[in-house]
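The values are calculated or read from the model by the stated rules, or taken from the named source; none is laboratory data. All values derive from a computational prediction rather than experimental measurement. Backbone-built Cβ (ideal geometry, glycine too); neighbour counts: all protein chains shown.
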């Protein structure tokens, strides 16, 4: 048997932490002296203590740690760990995106945004549209993209999106995702839609979609300074996306801001 101090040294868990795990029923000592309250541990408990230590380093909640430790099914244990790792990876992606955006915003000598004025003709496309909450756009977009990919056999250009101003202003608005096609089909939610002709100020956002707000801000500032903005939906064209390259730094999204050209 090992005294709590010895067990602490072997597992790199402090005595205070071991006491807390005991009180929580997470790592119960092999025996506790009923007179002195001294805790003793079995050497066979060392691997369990080390697993707990690693899980807590990954910020796994104590309740989930207990489920993992107590589960006799390897598959269930692996699923619990995988779910938490997926959450950590998502948080890490958000952190990386925020860091990239902050560096760009705080750069004392930023690279000027390249803006192109473009006249887009009337176009009939295969499209899916609906009123969507801003927090649900990503999931809705993924479903719409999959349905369009299945319905359009030979697209004639990249996927695009049209986003109503209310989506940004009110948190809910009309969203249309489309694929250009020679003969747009009517299948499921997919139907032919004619997009009107429009004049756009276009800039290309480089990188993950989560950081596109920085490019939106820069493009909007350019429009205010150089053109007459028109009340109308913003258009996006996904030149390179996750389906083309798994590296988010390689993604390219054109953002089109409706304008009225004076000359």
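A quick yes/no check of all residues on (1) closer than 30 Å to residue 212 by Cα; (2) outside the structural domain of residue 208 (by TED's automatic domain parsing); (3) assigned to a helix (DSSP H, G or I):
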site: 18; (1), (2), (3): no, yes, yes
site: 34; (1), (2), (3): no, yes, no
site: 51; (1), (2), (3): no, yes, yes
site: 54; (1), (2), (3): no, yes, yes
site: 66; (1), (2), (3): no, yes, yes
site: 88; (1), (2), (3): yes, yes, yes
site: 92; (1), (2), (3): yes, yes, yes
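Does the stretch 25-33 include one or more residues that are in contact (Cβ under 8 Å) with a residue 12 or more places away in the chain, over 40 Å from the mean Cα position of the chain (by Cα) and surrounded by fewer than 16 Cβ atoms within 10 Å (Cβ to Cβ)? Yes, some residue in the stretch 25-33 is in contact (Cβ under 8 Å) with a residue 12 or more places away in the chain, over 40 Å from the mean Cα position of the chain (by Cα) and surrounded by fewer than 16 Cβ atoms within 10 Å (Cβ to Cβ). Every residue in the stretch 186-234 that is in contact with a helix residue (DSSP H, G or I) (Cβ under 8 Å, 6 or more places away or on another chain), surrounded by fewer than 15 Cβ atoms within 10 Å (Cβ to Cβ) and over 20 Å from residue 138 (Cβ atoms), please. 187, 188, 229, 231, listed by residue number.
Considering every residue within the stretch 168-175, establish whether at least one is in the same structural domain as residue 244 (by TED's automatic domain parsing), closer than 25 Å to residue 197 by Cα and either without any contact (Cβ under 8 Å) to a residue 12 or more places away in the chain or part of a helix (DSSP H, G or I) (or both). Please lay out each step first, then the result.
Step one: list which residues in the stretch 168-175 are in the same structural domain as residue 244 (by TED's automatic domain parsing), which gives 168-175.
Then keep just the ones that are closer than 25 Å to residue 197 by Cα; that gives 168-169, 172-175.
Checking the rest, the ones that are also either without any contact (Cβ under 8 Å) to a residue 12 or more places away in the chain or part of a helix (DSSP H, G or I) (or both) come to 168-169.
Checking the stretch 168-175: at least one residue is in the same structural domain as residue 244 (by TED's automatic domain parsing), closer than 25 Å to residue 197 by Cα and either without any contact (Cβ under 8 Å) to a residue 12 or more places away in the chain or part of a helix (DSSP H, G or I) (or both).
The residue that is modelled with the lowest pLDDT, counting only those in the stretch 69-82 that are surrounded by 12 or more Cβ atoms within 10 Å (Cβ to Cβ) and in a helix (DSSP H, G or I), is 77.
For the residues 183, 153, 149, 213, the requirement of being within 21 Å of the chain's Cα centre (by Cα) and not in a strand (DSSP E or B) singles out 213. Just one of (1) closer than 20 Å to residue 173 by Cβ; (2) outside any helix (DSSP H, G or I); (3) at pLDDT below 90 fails for residue 235. It is (3). Of the candidates 138, 203, 142, the single residue that is at pLDDT below 90, within 26 Å of residue 99 (Cα to Cα) and under 26 Å from the mean Cα position of the chain (by Cα) is 138.
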